There are 2 protein chains.
Amino acid sequence: MNTQVLSGKPLAALIQQRAQDEARVLENSGRHPVLAVVVATDDESTLWYVRSIERAAERLGIGCRIVDLGSEATEQVLASVLRDLSAEPSVNGIILQTPLPVGVKADSLVGLIAPEKDIDGANPLSLGRLAVGQHAFAPATAQAVVELLDHFDVPVAGRNVTVVGRSAVVGKPLALLLLERDATVTICHSKSGPLERHTQPADVVVVAAGRTGLLKGSHLSPETVVVDVGTNVLPDGSLVGDVDEASVTGVAAGLTPVPGGVGSVTTALLLLHTVEAARQQEPAQLAAAASAARI
Amino acid sequence: MNTQVLSGKPLAALIQQRAQDEARVLENSGRHPVLAVVVATDDESTLWYVRSIERAAERLGIGCRIVDLGSEATEQVLASVLRDLSAEPSVNGIILQTPLPVGVKADSLVGLIAPEKDIDGANPLSLGRLAVGQHAFAPATAQAVVELLDHFDVPVAGRNVTVVGRSAVVGKPLALLLLERDATVTICHSKSGPLERHTQPADVVVVAAGRTGLLKGSHLSPETVVVDVGTNVLPDGSLVGDVDEASVTGVAAGLTPVPGGVGSVTTALLLLHTVEAARQQEPAQLAAAASAARI
């Protein structure tokens, strides 16, 4: 069968447009949405990615403050910066960019991001709120997957969706988002045995395992829709997903490309979340945060 | 085949013994573990259940403070009581018992339970921490399921476990606990279509849907282990689970009874959690909590 390429670019453009429109409305009432990205690495591809967020933000009228602490930053310094940004009224969204310096664990640091500014759903409280159906920003990558499926009119309600990968950043939050949309969700992983046992009964397969070439055409039933969340950098510097594109093409009904699939949508969502956070942070709340910061 | 009855009572007795032993150790260092149960209902069966917790606690040397606010309690009063108990150094564990008065939502109230005292994993932060692998008390019912499987040596690693029900109290936290133990987890629910499609491929089926007679023998492959989390009160006052016991018996390899299955283990775990919370709450922390309460 003909496998449709489910490009993320048109959807990313729509989301960016919405972010720009909403940012303009805020500007008109004297508020300027600002995203802070905390960086503590000298990894070139990460720095390139952060600069690409900055450029996209500026294009949409969103301020972007890169807080580069260098690859030697200690956990104490990172914690203190995250606390300050959480209390700082002029900052609406906060991202703690990985990788972090050796020995520094993201685990306790992400809990310091104020939930209302946690636009990448990194604080465990955000994940817990998602689980109980309270308002929280979902991790942008997980949300990008469901937005892509929506955009291409791929139904999930009452259908079987298999998520390959159980990370706290993608697999688990994605399962929560899919359950919210009435999908039947199977989560499999490296200990699950033969992959096809879990992917063949699925109408939609989402791969987020971080292993090049993991999902092959032989793992799928015809007409399955495949979303590739993998971002693996090959020795030659090129970016590939977790899907073996050659064998999946012709079997799947649709496949998101890497690059140009989930990743494009993710970045756009981070910016939209920043504007939404700015809108939700009422001036009164900001004043309270400022006063708390002074205590 | 011969279906083994997987009674929760021997395991409950073991857990109670452990709680009693640990409570005694704490007593010897001058600390007395205390559980507070906040009640705001005049529902007879709930009040009976709360009294049964109280009796069990006292038998094990754990203090139990029932804070009965009556069925007319407002959200404000409940919130204030939960804040006070969270700050009160002599209280180690807190349960907000449902049902709550009409119009009062548990959602925002459970967020007021201090995470270190949240021995039934009701605060969304506890659920989020579970999801990212940080320390938190799991909802006792969900944990009771995995403890029961462990107790009867039912392996879950690398096997397919289907959870019927997607509640924030059982289905979702149970999925997290099972993933932590390397199970492949499928979560299905009322919108999932024919039940057998999801339960027949499973090695273990956990039903937590709250529907009498939902799971029948015809939904299962032979040798499946079935855990029944349902607690449905029939018009004659008797308690039954979600499993159609007559048809499942003879097909399943094992089945937890209702009553006397998951429920017995749940109550024992609430008490064990209380003792563990008391042990983890160092005197220094308690002093800090007391001082915070005075601010």
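All of the numbers you see were taken from the coordinates with simple rules; none came from a lab. As the structure is a computational prediction, the values presented were derived from the model and not from experiment. Note that we place each Cβ from the backbone using ideal geometry, even for glycine, and neighbour counts take in every protein chain shown.
I need B:H273, B:H189 ordered by Cβ neighbour count within 10 Å, fewest first.
Ascending Cβ contact count within 10 Å gives the list B:H189, B:H273.
Suppose only helical runs count, i.e. DSSP H with n ≥ 4. What mean residue ellipticity at 222 nm does that imply for chain B under -39500 (n - 2.57) per run, divided by all residues and rounded to the nearest 500 deg cm²/dmol?
-13000 deg cm²/dmol
Two decimals is fine: what is log10 I(q)/I(0) at q = 0.09, 0.10, 0.21 Å⁻¹ for segment A:2-127, from a Debye sum with one equal scatterer on every Cα and no solvent?
-0.29, -0.36, -1.25
Over the Cα atoms, compute the radius of gyration (one decimal) and Dmax (the largest Cα-Cα distance, rounded to a whole number) for segment B:19-92, in Å.
13.9, 41
Post the alpha-carbon centroid distance, segment B:99-170 to segment A:124-141, in whole angstrom.
Distance between centres, Cα-based: 16 Å.
Within the set of other residues whose C-beta is less than 12 Å from the C-beta of B:V170, count the net charge using Lys and Arg as +1 and Asp and Glu as -1.
Spelling it out: positives minus negatives among the neighbours equals -1.
Normalised by the number of residues in segment A:1-159, what is the relative contact order in percent for Cα pairs under 8 Å and 6+ residues apart?
The normalised contact order for segment A:1-159 reaches 21 percent.
What ratio of Cα Rg to 2.2 N^0.38 Å holds for the protein assembly as shown?
1.01
Could you sort the peptides A:147-154, A:130-137 by per-residue average Cβ neighbour count (10 Å cutoff), highest mean leading?
Output ranking for A:147-154, A:130-137: A:130-137, A:147-154.
Select the chain A residue whose beta carbon lies nearest to the rotation axis carrying chain A onto chain B, and write the distance in whole Å.
Nearest-to-axis residue on chain A, with distance in whole Å, is A:G128, 2.
Averaged across the residues of A:179-189, what count of C-beta atoms belonging to other chains lies within 10 Å of each residue's C-beta?
Per-residue shielding by partner chains comes out at 6.
What are the distances, in nm and sorted shortest first, from the label point of B:L14 to the label points of the same position in each other copy, with each label point placed 7 Å from Cα along the Cα-to-Cβ direction?
5.4
Output the peptides A:41-48, B:163-170 sorted from most to least packed, where packing is the average of other Cβ atoms within 10 Å over each peptide's residues.
So the peptides A:41-48, B:163-170, ranked by packing, come out B:163-170, A:41-48.
Would you mind ranking A:K216, A:K172, A:K105, B:K9 by Cβ crowding within 10 Å, fewest neighbours first?
In order of increasing Cβ crowding within 10 Å: A:K105, B:K9, A:K216, A:K172.
Mind listing the label-point distances from B:T249 to the same position on all other copies, shortest first, one decimal in nm, points 7 Å along Cα→Cβ?
Copy-to-copy label distances at B:T249, shortest first: 5.9 nm.
Quick one: which residues, 5 or more positions from B:V67 or on another chain, have an amide H under 5 Å from its amide H? H modelled 1.01 Å from N in the peptide plane, none for Pro or chain starts.
Sorted by chain and number, the residues that satisfy this are B:V37, B:V38, B:V39.
Per residue of A:103-113, count partner chain C-beta atoms within 10 Å of its C-beta, then hand back the mean as an integer.
1
Roughly how tilted is helix A:283-294, in degrees to the nearest 10 and between 0 and 90, from the longest Cα axis of chain A?
Value to nearest ten degrees: 70.
How much FRET efficiency would the formula 1/(1 + (r/R0)^6) give for B:A157 and B:R197, where r is the Cβ-Cβ distance and R0 is 30 Å, rounded to 0.05?
Here the calculated transfer efficiency is 0.80.
If a/c stays under 1.5 just call it rounded; otherwise compare a/b with b/c (prolate if a/b is bigger, oblate if not). Do that for segment A:140-263, with a ≥ b ≥ c from the square roots of the Cα gyration tensor eigenvalues.
Here segment A:140-263 falls in the rounded category.
Ranking B:L127, B:L14 by Cβ neighbours within 10 Å, fewest first, what do you get?
B:L14, B:L127
Average projected area of the Cα convex hull of chain A, in nm²?
Average of the hull's projected areas for chain A equals 15.6 nm².
In the structure shown, do any of A:K191/B:K172; A:K9/B:K105; A:K172/A:K216 have a Cα-Cα gap over 32 Å, and if so which?
Over 32 Å apart, Cα to Cα: A:K9/B:K105.
May I ask you to report, in nm to one decimal and beginning with the shortest, the distances from B:N2 to the same position in the other copies, taking label points 7 Å along Cα-to-Cβ?
Result for B:N2, in nm, nearest copy first: 6.1.
Relative contact order (percent) for chain B, with alpha-carbon contacts under 8 angstrom and 6 or more residues of separation?
The normalised contact order for chain B reaches 24 percent.
Given Cβ point charges of +1 (Lys, Arg) and -1 (Asp, Glu) and nothing else, what value in debye, to the nearest 20, does the dipole of the protein assembly as shown about its Cα centre take?
Computed about the Cα centre, the dipole is about 120 debye.
If you find the alpha carbon centre of segment A:171-187 and of segment B:48-95, how far apart are they in angstrom?
Between the Cα centre of segment A:171-187 and that of segment B:48-95, the gap is 34 Å.
Take every residue in peptide B:131-141, count the Cβ atoms of other chains within 10 Å of its Cβ, and give the average of those counts.
That average works out to 3.
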